[in-house]
Amino acid sequence: MSHPVIPAPVRFDPGPGRFAWRPGTRISSADPAVAPLVERFCAEIGRRTGLRLTPRAGDPAPDEPPATRIELGIDDDCAVLPAPQGLPPAGGAPPDERYSLAVEPGQVVLRAAGPAGVARGLTTLVQLAATADRDDGAVWLPGARIADAPRYAWRGLSLDLARAFFTLAEIRRVIDLLALYKLNVLHLHLTDDQAWRLPAGDQPRDGAFYTAADLRALVGYAADRFVTIVPEVDTPGHAATLMRMHPELNSGRNGVDRTSPLGQEQRAVWLDPELPATFTVMEEVLAEVVGIFPGPFFHIGSDEPWGMPRDLYVSYVRRVRDLVRAVGKRPLGWQESARAGLRPDDMIQYWLSGVALVPSLPAEVRATIEADLAEARRDVETAAEARVPVIVSPQSHCYLDVPYADPPGDPTQAGRYGRVGLRLYSPVTLAHSFGWQPAGALGPGRAAQVAGVEAAIWAETIADFGDLSFLLLPRLPGIAEKAWGDPRAAGWNEHRDRLAWHARLWAQDGLEYFHAATVSWH
Ligand code: TNX
């Protein structure tokens, strides 16, 4: 292993020698805009290594001992790196996330155009320091010359907050984890049949939810870490909780009894576009949501409209997209929303890639899923013809609720290993999960349409934060590698060797991870 950094930097040339951080080593920055990042960085190094670095505003004096310097600007190594592909989640021009880092025996210099790049570079330093050799109170950074830039502008995780509830502190830990892997989108699946986690005025309701103030605080926490929150309100299907809160949404025909793929009897409902109350309620919901999330994108869900006639689905999706545009946001939907037609400024999220199902599935369930999949292939054709941007989340590689197939290396995890992960899917190995490329996800010749990459974690089998982090780790860093990194760079074996070091970071963070026996964890 030449280094432990995930995602692997575009260029990492091991350098001669090493640099010692000792108690009190100064981390200096001339620019006040990066001072808060340096403060947070020093606190994080302290927490992870026990070493107390000193944040310092302004350039070091010429006679001061060697230090770590942050300079604003782009050097030649970085200037040649291509701009990221796809859509920046915060809107506007993509922030400049490029950075270069030189670790030499006499100094460490981090250079980037502004705070976004500085933050990415400091994250690389966190990973280097947290896994570095230590002796007599020093942390020895390995000599290196690094030049780095992201491949995709949109790199995220979709988190199901409806099937499980997490506290704000827990969601902040997820945001910290995204930042640790240079991911910049937290897509929140806030509503579903099981729960409505948004505020809803003084509407009678049951179940836990977040207040507007809670959610605004999360938006701010995420923004400080260069993460944009993209809210999802999933309709017209998956809307049973909204219908319980608003009985006037029942049109007498918008429900169907069905058997879930796992054999449970359930009632699926859909919002009826021919009922005037539907869009009155949706306008109120949208007004609430846009007042909380300042980002330019709004996810309309629109997956799995079970039992809904096609013409009604089409008219619903078109109407809801118009409502989203009317409040100044850009709609994004799961791939099924392509069935309502696509305009050039629409955008979809691809997920139905097909995934190995458990062999025990009854033949008729398997047939239904396969029919859905055949229809889903046409969504990709529709998106290709319309040339709309596509966020790729193929369930075969990006769904982190697929059970693990590698044997567990730690017997104390046997219970969790057998319990979490959706038992509809055949378990897959870490090596298999890692074996894909975003550029190829939509089929040959469509690489340019990929606007970003998202992992998704669905929470049907998740009971608590330990379950969540057990499913996020170790596969989430592998998604970050695909979303940030150079496509030619890492094969599984090489990624695995870097991954092994990250057990240290997760232990420092008190995060549960799956101790796969196929990785030699440090
Ligand atoms: C499909 S992915 C769903 C979710 C489930 C998930 C389980 C998507 C858009 N819809 O409702 O939780 O499968 O993996």
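So the values come out like this:
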{"quantity": "Residue in the range 232-240 that is more than 16 Å from the ligand (Cβ to nearest atom), open to solvent by less than 30 Å² (accessible area, probe 1.4 Å) and outside any helix (DSSP H, G or I) present", "calculated": "no"}
{"quantity": "Wholly within the range 428-522, helices (runs of 4 or more DSSP H) carrying at least 2 residues that are open to solvent by less than 30 Å² (accessible area, probe 1.4 Å), within 20 Å of residue 392 (Cα to Cα) and within 16 Å of the ligand (Cβ to nearest atom)", "calculated": "465-472, 475-484"}
{"quantity": "Which listed residue, of 208, 162, 222, is assigned by TED's automatic domain parsing to the domain that holds residue 278 and open to solvent by 10 Å² or more (accessible area, probe 1.4 Å)", "calculated": "208"}
{"quantity": "All positions within the range 305-318 that are within 16 Å of the ligand (Cβ to nearest atom) and in contact with a helix residue (DSSP H, G or I) (Cβ under 7 Å, 6 or more places away or on another chain)", "calculated": "305, 313, 317"}
{"quantity": "Residues satisfying the stated conditions in the range 332-346, i.e. under 20 Å from residue 293 (Cα atoms) and within 15 Å of the ligand (Cβ to nearest atom)", "calculated": "332, 333, 334"}
{"quantity": "Residues (assigned to a strand (DSSP E or B), surrounded by fewer than 22 Cβ atoms within 10 Å (Cβ to Cβ) and among the charged types (D, E, K, R)) located in the range 127-154", "calculated": "133, 134, 135, 145"}
{"quantity": "Residue match in the range 343-351 (condition: β-branched (Val, Ile, Thr) and open to solvent by 20 Å² or more (accessible area, probe 1.4 Å))", "calculated": "no"}
{"quantity": "Test for residue 338: is it closer than 23 Å to residue 89 by Cα, within 23 Å of the chain's Cα centre (by Cα), among the small types (Gly, Ala, Ser) and in a helix (DSSP H, G or I)", "calculated": "yes"}
{"quantity": "Subset of the range 378-404 (residues that are within 16 Å of the ligand (Cβ to nearest atom) and over 21 Å from residue 457 (Cα atoms))", "calculated": "379, 380, 383"}
{"quantity": "Verdict on residue 466 being in the same structural domain as residue 354 (by TED's automatic domain parsing) and either over 19 Å from the mean Cα position of the chain (by Cα) or among the aromatic types (Phe, Trp, Tyr) (or both)", "calculated": "no"}
{"quantity": "Residues of the range 248-288 that turn out to be surrounded by 14 or more Cβ atoms within 10 Å (Cβ to Cβ), over 23 Å from residue 232 (Cα atoms) and of a type in the set (Ser, Thr, Tyr), as a count", "calculated": "1"}
{"quantity": "Residue 423 of a type in the set (Lys, Arg) and either buried (at least 21 other Cβ atoms within 10 Å of the Cβ) or within 14 Å of the ligand (Cβ to nearest atom) (or both)", "calculated": "yes"}
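The values are calculated or read from the model by the stated rules, or taken from the named source; none is laboratory data. Worth saying up front: this structure is predicted, and the values here are computed from it rather than measured. Neighbour counts are summed over all protein chains in view; Cβ atoms, including those assigned to glycine, are modelled from backbone coordinates with ideal geometry. Please note that ligands, DNA and RNA were not included when accessible areas were found on the heavy atoms of the full protein model with its side chains. Shrake-Rupley method; radii C 1.70, N 1.55, O 1.52, S 1.80 Å.
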